[in-house]
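Step one of this worksheet: look at the structure below.
Computed from the coordinates by the stated procedures, all read-outs in this text should not be read as laboratory data. Predicted model only: the values in this text are computed from it and were never measured. Positions of Cβ are backbone-derived with ideal geometry, glycine not excepted, and every protein chain shown enters the neighbour counts.
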Amino acid sequence: SAYVFHFGGGATNSDPRSRDKTITGGKGANLAEMAGIGLPVPPGFTISTEVCTAYNAAGKSFDEGLRAGVAGGVAHIEKATGRIFGDPANPLLVSVRSGARVSMPGMMDTVLNLGLNDATVEGLAAGSGDARFAWDSYRRFIQMYSDVVLGLDHHRFEDALEIAKEDNGFFADVEMGAEHWQALVGQYKAIVSDELGRPFPQDVHEQLWGAIGAVFDSWESDRAKVYRRLNSIPHDWGTAVNVQAMVFGNMGETSATGVAFTRDPATGERAYYGEYLVNAQGEDVVAGIRTPQYLTKAARERAGAKPLSMEEAMPEAYAELARVFDLLEAHYKDMQDIEFTVERGHLWMLQTRSGKRTAKAALRMAVEMANEGLIDEATAVKRVDPMALDQLLHPTLDPSAARDVLTRGLPASPGAATGIVVFDADSAEHRAQMGDDVILVRVETSPEDIHGMHAAKGVLTARGGMTSHAAVVARGMGRPCVSGASGLSIDMATRTARMGTREVKEGDVITLDGSNGDVMLGAVPMVEPELVGDFAVLMDWADKHRRMKVRANAETPLDCQVARQFGAEGVGLCRTEHMFFDAGRISLVRQMILAEDEATRRRALDALLPEQRADFTAIFEVMAGLPVTIRLLDPPLHEFLPHGETEFEELSEATGLGVDHLKRRAGELHEFNPMLGHRGCRLGITFPEIYEMQARAIFEAACDVAEKSGEAVVPEVMIPLVATRRELLILRALVDRAAEAVFAEKGRTLEYLVGTMIELPRAALMAGEIAEEAKFFSFGTNDLTQTTLGVSRDDAARFLGPYVEQGIYPRDPFVSLDIEGVGQLVEMAAVRGRETRPDIKLGICGEHGGDPASIAFCEKVGLDYVSASPYRVPIARLAAAQAAL
Ligand code: ADP
Ligand code: MG
Ligand code: MG
């Protein structure tokens with residue numbers, strides 16, 4: 001069938017679709033790829049993602065073609081293994097594994113040991129000569145299948161196991177023998193009958209189809225949906241299903257299972273890295289039931305741990321694994337995250353993928369791999385997710401600060417976080433919404449905790465290793481995480497925790513150091529990041545490959561300094577209204593707004609002029625030699641009006657006008673829809689003296705700084721909310737007059753530009769005409785999105801979530817540009833603007849200027865620069881380079 005692809009066991013994989021992630025999913029494609037390069041992969045087959053999409057579209061039903069495809073796939077595995085599915089004498093067992101295009105750790109379901117029933121378990125015992133192993137596999141299967149396919153709560157099974165151990169006086173699962181597992185299987189089956197009113201399915205084909213359906217259904221599970229929303233994964237991708245012959249890590253002391261990375265995913269160091277468990281199956285490692293052991297001797301010694309590493313305990317299988325690591329890195333030319341199983345000394349590969357890594361590790365690996373010659377510079381630039389840089393651009397713990405260490409755990413995800421302790425995901429989300437920084441503290445995390453982890457600044461767990469759910473997810477989200485802190489115990493009843501010898505209550509402040517595993521009491525001081533080493537090297541390479549300039553949205557000298565330090569090549573948006581809100585000035589601003597005649601207004605403006613000039617002077621000093629785009633006053637007037645009695649009284653004192661009079665005047669300025677009201681250039685048209693004052697302040701400041709430092713900025717005066725050419729013509733003339741007047745007074749001239757924001761659909765449509773008056777366009781995509789979609793960004797939070805969930809917009813259009821819609825306007829305006837004025841300068845200054853997907857679009861339509869908030873400048877530099885490559 002066209003929907004089923006075989007791998008391993010001599011399958012040829014001649015169809016390239018079998019190795020295409022969009023068809024067979026990441027797991028399936030890589031299984032086929034590994035089998036293709038001769039690595040030991042248990043044979044199996046993959047049902048393509050298209051089937052999932054069709055299944056869900058058809059109201060959860062399978063088509064006939066698929067039945068034939070699956071039968072053919074099972075026959076392939078039977079032939080390759082010499083075992084028969086459902087045969088009591090020589091049974092084939094399989095795993096049924098989900099696998100989307102991108103990895104969604106722990107989000108979707110997998111069933112192991114499928115094909116066991118009361119008859120085949122005997123065959124498995126006889127064939128392997130190990131009854132304990134057979135019954136252990138059967139009890140695992142019943143529990144997993146019941147959980148994943150039958151929807152039964154796993155707690156009843158876990159409780160039964162705990163009681164069985166207690167009754168026998170055992171502490172650990174490994175003490176359970178064949179007869180104990182067999183007895184437990186009896187109890188498990190009773191639990192299923194009791195819960196379900198029918199027996200556990202004995203028909204292996206029913207089991208198989210149940211599991212296939214459950215994997216498809218898991219794509220639609222709530223936790224998978226949340227994960228997709230947080231990670232911008234489209235809902236229509238679907239998941240593939242992999243059905244694969246089981247290999248057994250639970251066949252005694254010469255068997256094991258593990259996960260490994262070809263380089264350290266936390267630091268990027270070139271050293272094998274991982275964990276394994278003897279006599280166990282895959283899920284044991286991730287679930288944190290037993291504490292896994294180190295892979296390498298070096299890592300074990302560094303941690304001072306006793307249980308032997310795999311390198312020491314199973315030298316031959318380890319040597320084979322190391323050989324596979326090197327082969328895989330050379331083949332994929334990237335760090336690989338691997339799942340493997342050793343069955344009676346023989347190594348089997350169960351998964352490989354490019355491993356998730358911290359930003360720090362991503363940088364180090366990209367730079368080192370380029371230096372090793374494994375990849376070229378351009379590939380290195382493409383390797384690092386620009387958004388991940390965010391982790392590095394924020395403060396870290398001050399190395400000289402005192403630390404009151406409560407307890408220690410594993411450094412599972414680097415970075416530092418301070419916040420109040422909360423013990424469950426919902427509280428984390430709730431407190432974060434109220435504005436608290438929270439640290440989520442759990443025994444261990446599971447996929448149900450995702451929303452809480454996302455809301456938290458950091459995650460602390462008592463159990464679980466470096467590859468536990470908490471660790472993997474936290475690294476992916478860029479949240480600092482300390483896992484496996486054995487000195488931590490939580491009492492949910494009193495909502496307190498013991499950390500080391502002390503008690504910590506919910507709401508107490510702690511600090512995590514995800515880079516060394518320290519858990520500290522209180523807030524530990526932080527320091528600004530140093531942008532050196534691998535970061536500097538990679539940014540250098542990025543700058544070599546990028547075409548667009550990167551500017552910053554900044555309106556204070558401090559922001560400008562940060563921006564320059566981060567490599568900004570100018571200011572793309574300096575919003576002047578922020579200067580008006582300043583405490584010392586707001587009274588003057590109010591007097592100006594409430595003035596009833598021009599003379600009063602001018603008096604207030606005259607008093608504001610030196611203040612504005614000082615603002616611009618400070619900014620121009622920092623930005624000397626670079627362009628600075630200043631947007632003249634934009635917000636609706638009412639935003640500046642007094643609120644509440646005291647403010648009116650203060651204003652009355654300052655103006656000598658009665659409170660009632662002022663209130664009436666304020667009432668007159670009321671607007672029903674201020675975002676579409678008296679704002680932007682409409683202010684400049686109706687109160688030209690405001691823009692005159694601002695233009696004068698700009699040119700005076702520019703002349704002063706040029707005079708003092710010899711190096712001027714190039715002011716780019718930007719008129720907001722223009723819809724027609726004539727608005728711009730009038731206001732450009734006003735700015736030009738102010739420039740001429742100032743230049744005449746100062747006895748010098750300066751280069752400057754007058755341009756406009758394109759933030760209304762009409763402006764985009766009329767861009768050809770407007771360009772006659774504009775030397776530059778800056779796309780104000782916040783307002784342009786608002787006005788094109790007819791969606792108020794201040795009110796959108798309530799409905800945009802469901803909109804994105806239902807795929808109406810692929811992402812929040814205020815975060816990532818609506819390329820299909822708003823993008824058309826941007827493109828059209830760029831083309832029309834250039835037709836009129838070929839050298840017109842084009843940039844973007846909306847929030848989108850810091851969003852990699854939007855930046856890629858800006859490159860495509862040939863904008864000259866993007867402008868982003870200062871901390872996003874490095875992200876934009878890297879994203880711009882990637883867009884150009
Ligand atoms: P996830 O996507 O959650 O990692 P997987 O499908 O990779 O789920 O399965 C989880 C674990 O189950 C694997 O890491 C592996 O250890 C084990 N597993 C899956 N398939 C097999 C198999 N055919 N034989 C042995 N173990 C398996
Ligand atoms: Mg896996
Ligand atoms: Mg705007």
**Report entry** Theoretical gain in end-to-end length, residue 58 to residue 836 [0.36 nm per residue, Cα-Cα removed]
**Finding:** 274.8 nm
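Strictly over 25 Å apart at the Cα level, which of 360/382; 27/297; 27/225; 382/457 would you flag in this model? Show your work: numbers first, answer last.
On the way: 360/382 15 Å; 27/297 29 Å; 27/225 19 Å; 382/457 28 Å.
Listed pairs above 25 Å: 27/297; 382/457.
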Query raised in the report: Which shape class, rounded, prolate or oblate, goes with segment 472-587 when its Cα gyration tensor gives a ≥ b ≥ c as root eigenvalues, a/c under 1.5 marks rounded, and past that a/b bigger than b/c marks prolate?
Result: oblate
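Where Rh is the Kirkwood radius over the Cα pairs of the chain, the temperature 25 °C and the viscosity 0.890 mPa s, what D in µm²/s does Stokes-Einstein return? Please report the intermediate quantities before stating the final value.
Working: Rh = 30.8 Å.
In µm²/s, the coefficient is 80.
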Report summary line: Looking only at aspartates and glutamates whose Cα falls under 12 Å of residue 746's and that sit 8 or more positions away or on another chain, we get 700, 704, 707
Query raised in the report: Which of 219, 237 comes first, and how do the rest follow, when ranked by fewest Cβ neighbours within 10 Å?
Result: 237, 219
Report summary line: Relative to the chain, whose Cα atoms define the longest principal axis, helix 659-668 and its Cα axis are tilted in degrees, nearest 10, by 70
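Percentage of Cα-Cα pair distances in segment 693-844 greater than 22 Å, rounded to whole percent?
Values: 5720 of 11476 pairs.
Cα-Cα pairs of segment 693-844 separated by over 22 Å account for 50 percent.
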**Report entry** Full-stretch length increase - residue 746, residue 446 - with 0.36 nm per residue and alpha-carbon distance subtracted
**Finding:** 101.2 nm
Report task. Measure nothing but the geometry: give the 0 to 90° angle between the long axis through the Cα atoms of 131-148 and the longest principal axis through the Cα atoms of the chain, rounded to 10°. Result -> 40
Query raised in the report: Going toward the positive end of the dipole of the chain, with +1 on Lys and Arg Cβ and -1 on Asp and Glu Cβ, which of 574, 833, 238 do you reach last?
Result: 833
Query - Cleavage-rule hits (GluC sites (Glu not before Pro)) in segment 556-617: DSSP loop, at most 15 neighbouring Cβ within 10 angstrom - result: 596
Requested in this report: Quick one: which residues, 5+ away or cross-chain, put their amide H under 5 Å from the amide H of residue 812? H built at 1.01 Å from N.
Outcome: none
**Report entry** residue 407 long-range amide H proximity, modeled H, under 5 Å
**Finding:** 519
Query - Principal-axis tilt of helix 154-168 within the chain, Cα atoms, nearest 10 degrees - result: 50
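Output the relative contact order of the chain, whole-number percent, from Cα pairs under 8 angstrom with separation of 6+ residues.
Working: 1848 pairs, mean separation 77.0, N = 885.
RCO, the chain: 9 percent.
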Requested in this report: Assuming a ≥ b ≥ c are the square roots of the Cα gyration tensor eigenvalues, decide whether segment 342-409 counts as rounded (a/c under 1.5), prolate (otherwise, with a/b larger than b/c) or oblate.
Outcome: oblate
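Enumerate by residue number the GluC sites (Glu not before Pro) in segment 736-820 meeting two conditions: DSSP loop (anything except H, G, I, E, B), and at most 14 other Cβ atoms within 10 Å of the site's Cβ.
751, 772, 820
Hey, fewest Cβ within 10 Å first, where do 828, 314, 693 land in order? Let's see the in-between values first.
On the way: 828 17, 314 22, 693 25.
Fewest-to-most ranking of 828, 314, 693: 828, 314, 693.
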Query raised in the report: Which value in nm describes the separation of the simple spin-label points at residue 225 and residue 672, placed 7 Å from the Cα toward the beta carbon?
Result: 3.7
Report task. Restricting to the chain, compute how many DSSP beta bridges are antiparallel as a %, nearest 5. Result -> 65
Query raised in the report: Among all the aspartates and glutamates, which ones have a C-alpha under 15 Å from residue 165's C-alpha, if same-chain residues fewer than 8 places away are not counted?
Result: 136, 173, 175, 179
Report summary line: HN-Hα couplings for segment 822-830 via Karplus (6.51, -1.76, 1.60; θ = phi - 60°), in whole Hz with x for Gly/Pro, come out as 4, x, 4, 5, 4, 4, 4, 5, 5
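Tell me, what is the percent relative contact order of segment 382-491, built from C-alpha pairs under 8 Å that lie six or more residues apart? Let's see the in-between values first.
Numbers: 213 pairs, mean separation 31.9, N = 110.
Across segment 382-491, relative contact order equals 29 percent.
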Query raised in the report: Can you sort 705, 866 so the residue with the fewest Cβ neighbours within 10 Å comes first?
Result: 705, 866
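What do you get for trypsin sites (Lys or Arg not before Pro) in segment 702-796 restricted to DSSP loop and a cutoff of at most 13 other Cβ within 10 Å of the site's Cβ?
Numbers: sites: 708, 725, 726, 732, 737, 746, 748, 762, 775, 793; in loops: 748, 775, 793.
Sparse-neighbourhood loop trypsin sites (Lys or Arg not before Pro): 748.
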